[in-house]
């Protein structure tokens, strides 16, 4: 017999997690609005290569800041780190909105704003990964991770749909301005979280970096898969973020088609999040590795010139797999990495996974211009499947078993 709804959402009964959930839901909605708005704001005056440069600026900055953000998040109250990050992102996104609304946006002033935005963005992952287990009881940890993903995924349905309408009917600048407001609201909510202070021995910045690195290398399953995930992500994100909108612009009708694909993909992520609340595989890390294999389907659809509805259906399946992957991955991470080092190790994890993404984003346009968009998409499909196969074959990945259930707290 299935669990009652109250039990499935039990993590929301815990005050601090409820506040974190609320804050991340608000910013996720704004990010979804802004994501499609920024893409088409750039394409209004530039090329796919210009879009790649703009997106790469944000990604490079986040990668540079990540490790330092991990040290700060293990030293300071993590909810306050997230609060400060939201305020920085609010300022940057507000400036971008003003540039777009006034018709003053150029590649280089957007790059400058996104560098500032990236400073805040680089703090988010290490702080949030470490904060979730501080706000919820151990028995509800996977549920909490699933709900965090579910909130982002639910806004993934609403955000692109609303953002697409705003872009088509009004201006990308309005969607970007709305995102700036969501960061301010999120900061106010995060500031209310009450976490007991952690006792830490004072140590230098580089000493803490080395300590975090030792914790990372102690987890064989983690360091052995990072390079492969990072290499795969470099190819995949560049193709999806740059070539996807470009195909939509030239062959599918523009922003409305891309918004449809993203919206249906968001619906798939909701389904994946619901599955992840209850899914308890015996080998959670292996399941996390294999779940996102469906992510190649929308790339195949773009390469084969499928109609919008078919690519959207592929995006649905892609997002189901990704949602399950993220929930299981973060749960395994939080169960196996010591709490005092989770932010630093997660910063190395994120850095290894995404440090090459700016390269992929920046090169996707030029490479596609040289060898063709279809050939580029097939290349990415091959790389993704190859890396997934290798990670799944790593013994330490296959060895991790599901943790025993622990008592819940109200």
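The values are calculated or read from the model by the stated rules, or taken from the named source; none is laboratory data. All values reported here derive from a predicted model rather than from experimental measurement. Ideal geometry is used to build each Cβ from the backbone, glycine not excepted, and the neighbour counts take in all protein chains shown.
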Farther than 21 Å from residue 226 by Cβ, touching a residue at least 12 places away in the same chain (Cβ under 8 Å) and not in a helix (DSSP H, G or I), is that true of residue 312?
no
Residues that are modelled with pLDDT under 90 and closer than 16 Å to residue 160 by Cα: list the helices (runs of 4 or more DSSP H) wholly contained in segment 243-309 that include at least 1 such residues.
244-247, 255-278
Return only the number of the condition from (1) part of a loop (DSSP other than H, G, I, E, B); (2) under 23 Å from the mean Cα position of the chain (by Cα) that residue 402 does not satisfy.
(2)
Would you check if residue 95 is touching a helix residue (DSSP H, G or I) at 6+ places or on another chain (Cβ under 7 Å) and free of Cβ contacts under 8 Å to residues at least 24 places away in the same chain?
yes
Taking the stated definitions as given, is residue 209 assigned to a helix (DSSP H, G or I) and crowded, with 19+ Cβ neighbours inside 10 Å?
no
Selection from segment 272-285 of residues buried (at least 19 other Cβ atoms within 10 Å of the Cβ) and either over 19 Å from the mean Cα position of the chain (by Cα) or at positive phi (or both) yields 284
Is it fair to say residue 122 is under 20 Å from the mean Cα position of the chain (by Cα) and either crowded, with 20+ Cβ neighbours inside 10 Å or closer than 28 Å to residue 323 by Cβ (or both)?
yes
Expected single match for within 14 Å of the chain's Cα centre (by Cα), in a helix (DSSP H, G or I) and in contact (Cβ under 8 Å) with a residue 24 or more places away in the chain among 110, 150 is 150
Name the residue that is modelled with the lowest pLDDT, counting only residues in segment 60-78 that are surrounded by 24 or more Cβ atoms within 10 Å (Cβ to Cβ) and more than 17 Å from the chain's Cα centre (by Cα).
74
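Looking at 84, 105, 92, 57, which one is under 20 Å from the mean Cα position of the chain (by Cα) and either outside any helix (DSSP H, G or I) or under 22 Å from residue 193 (Cβ atoms) (or both)?
84
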Considering residues of segment 325-357 that are over 15 Å from residue 215 (Cβ atoms) and modelled with pLDDT under 85 only, the residue surrounded by the most Cβ atoms within 10 Å (Cβ to Cβ):
357
Set 369, 362: member being modelled with pLDDT under 90, surrounded by fewer than 18 Cβ atoms within 10 Å (Cβ to Cβ) and assigned to a helix (DSSP H, G or I)
369
Any idea which of 230, 173, 163 is surrounded by 15 or more Cβ atoms within 10 Å (Cβ to Cβ), under 21 Å from the mean Cα position of the chain (by Cα) and more than 22 Å from residue 126 (Cα to Cα)?
163
